[in-house]
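To start, the structure under review is shown below, and the notes come after it.
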Amino acid sequence: MAAEKSADLYTAGKLADALGVSQGEVKKLLAAQSIQPDEMKRGCKYYGSETLDKLKAALAEE
């Protein structure tokens, strides 16, 4: 079950790759929308697929 859960988690870099934008732009969107990470491991922030959907919608509005 842990492997299944981690497959749905993305770092800011992986979110940027999935969205086709820079990592800096993803971080700005996360901060602007006050999105908190779904999980933190060893100081790294991980975001779920819901966050990916929110960011896609935010980019579509721009």
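See the values below:
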quantity: Those residues of the range 4-62 which are in a loop (DSSP other than H, G, I, E, B), free of Cβ contacts under 8 Å to residues at least 24 places away in the same chain and not β-branched (Val, Ile, Thr), in sequence order; calculated: Gly20, Ser22, Ser34, Gln36, Pro37, Arg42, Gly43, Glu62
quantity: Filter pass, Asp8 being more than 8 Å from the chain's Cα centre (by Cα), at pLDDT below 95 and either surrounded by fewer than 12 Cβ atoms within 10 Å (Cβ to Cβ) or of a type outside the set (Val, Ile, Thr) (or both); calculated: yes
quantity: Set Gln33, Gln23: member being at pLDDT 95 or above and in contact with a helix residue (DSSP H, G or I) (Cβ under 8 Å, 6 or more places away or on another chain); calculated: Gln23
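The values are calculated or read from the model by the stated rules, or taken from the named source; none is laboratory data. Model, not experiment: these values are computed from the prediction. Please note: Cβ atoms are built from the backbone with ideal geometry, for glycine as well, and neighbour counts cover all protein chains shown.
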